[in-house]
Amino acid sequence: MRGHDSEPFVVRREVRAVLVPAGQEVNLKPGQAGYITQALGGSFTVYVDGHLMRIAGEDADAIGQEAVAPPVLPPDATEEDVRKLAWEQMRTCYDPEIPINIVELGLVYDCAVSTREDGTRSVEVKITLTAPGCGMGEILVDDVRDKIARIPTVADVHVELTFDPPWDRSMMSEAARLQTGMY
C-alpha cells in the first residue's frame with residue numbers, strides 16, 4: 001500500500017493505538033471502522049472516529065493486515081552488523097504525516113553500538129525533528145526505540161531528541177527532496 005491511499009478496515013480484536021500527534025494511548029474495540037491512511041515501515045496510520053492514530057506493525061492482524069517479521073542477525077554478528085541493522089530499522093520509521101522515512105528526511109544524526117559485559121548490545125541514537133514545535137517528537141522517539149529494541153542481542157536503546165544543529169532541508173537525501181519538491 002502506498003502512502004496516501006485510504007483502505008477501509010474493521011477492527012477484528014481489541015488493539016492499542018496511539019493518537020497522532022498527542023501521543024495518548026487508546027484501545028480500539030472490535031467492530032470499530034476506519035481507514036488506513038499510511039502503511040509504511042511496518043506501522044499503520046489510521047483514521048478512526050475523526051482522529052489519526054498509529055497502530056504498531058505487530059498488531060497488523062487487528063486491522064486485517066499482515067504483521068511485520070522481526071529483524072534477523074547472523075549468530076556471529078558484530079557491532080557493525082547491529083549498527084547497519086539499526087539504520088535499516090530506522091528506515092522503517094515514518095512521521096505519520098510525511099510518507100518519507102526519518103533517515104531520508106535527515107532526522108537521524110548518529111547511531112552508535114557498544115557491547116556490554118554480558119555480550120548484549122547497547123544502542124545510542126540522536127534524532128531531531130523538522131521543527132522544534134512538531135508534536136511527533138515522542139511518537140518518533142518511541143518508534144525508533146521500539147524498532148531497534150527488536151534487533152536480537154540489543155538489550156538497551158537510548159534515543160536522544162536534539163535540536164542542535166537545527167534541521168534544515170539540506171539534510172534530506174536527494175530522493176526525499178525530489179519527492180517533497182524541496183530542491
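Output the qualifying pairs, or none if there are none: Cβ atoms under 6 angstrom, residues six or more apart or on different chains, first residue in the stretch 94-116 and more than 18 Å from GLN38 (Cα to Cα), second residue surrounded by 19 or more Cβ atoms within 10 Å (Cβ to Cβ) and polar (S, T, N, Q).
LEU107/THR128
Is at least one residue of the stretch 173-183 at pLDDT below 95, within 12 Å of the chain's Cα centre (by Cα) and among the polar types (S, T, N, Q)?
no
So, of the residues in the stretch 122-157 that are farther than 30 Å from ARG169 by Cβ, open to solvent by 20 Å² or more (accessible area, probe 1.4 Å) and not hydrophobic (A, V, I, L, M, F, W, C), which turns out to be nearest to the chain's Cα centre (by Cα)?
ARG150
Using the structure shown, decide if GLU88 is within 20 Å of ALA39 (Cα to Cα) and either among the acidic types (Asp, Glu) or modelled with pLDDT of 95 or more (or both).
yes
The values are calculated or read from the model by the stated rules, or taken from the named source; none is laboratory data. These figures come from a predicted structure and were not determined experimentally. Glycine gets a Cβ as well: all are built from the backbone with ideal geometry, and neighbour counts include every protein chain shown. In case anyone asks, the SASA skips ligands and DNA or RNA and just uses the protein heavy atoms, side chains included. Shrake-Rupley method; radii C 1.70, N 1.55, O 1.52, S 1.80 Å.
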